[in-house]
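Since the structure comes first, as structure tokens, the remarks are kept for the end.
A short reminder: the numbers here are calculations on the coordinates, not readings from a lab. All of these numbers come straight from a predicted model, not from anything done at the bench. Backbone-built Cβ (ideal geometry, glycine too); neighbour counts: all protein chains shown.
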Amino acid sequence: MIYLLIYLATISLVAVVITMHDKRAARRNKRRVPERTLLLIAALGGSVAMLITMCIIRHKTRHAKFMVGIPAIILVQAAIAFMLWRLLP
């Protein structure tokens, strides 16, 4: 269980840093983080941290792919976690 918590904390930190980096790159007309990468990081467990960060810094909040997609990822992750919790003793 401790390893799962460490993993989730790490991937959440990565999600926050990558999202903030992409926002900074967007402002400076620099090379951006691909949307596919942002969604992958969300799917790997950083979805909640990424959604909160996006809302706080107002990044990608007009893109339906993110404002619908990331909450959908959160729901899928919650369903998987619930199913695993029910199956494990």
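Tabulated results
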| quantity | calculated |
| --- | --- |
| Residues being closer than 14 Å to I41 by Cα and not small (G, A, S) - total across segment 1-31 | 13 |
| Helices (runs of 4 or more DSSP H) wholly inside the chain containing at least 3 residues that are surrounded by 13 or more Cβ atoms within 10 Å (Cβ to Cβ) | 2-27, 35-41, 47-57, 69-87 |
| Residues located in segment 18-75, provided they are in contact (Cβ under 8 Å) with a residue 12 or more places away in the chain and at positive phi | G45, K60 |
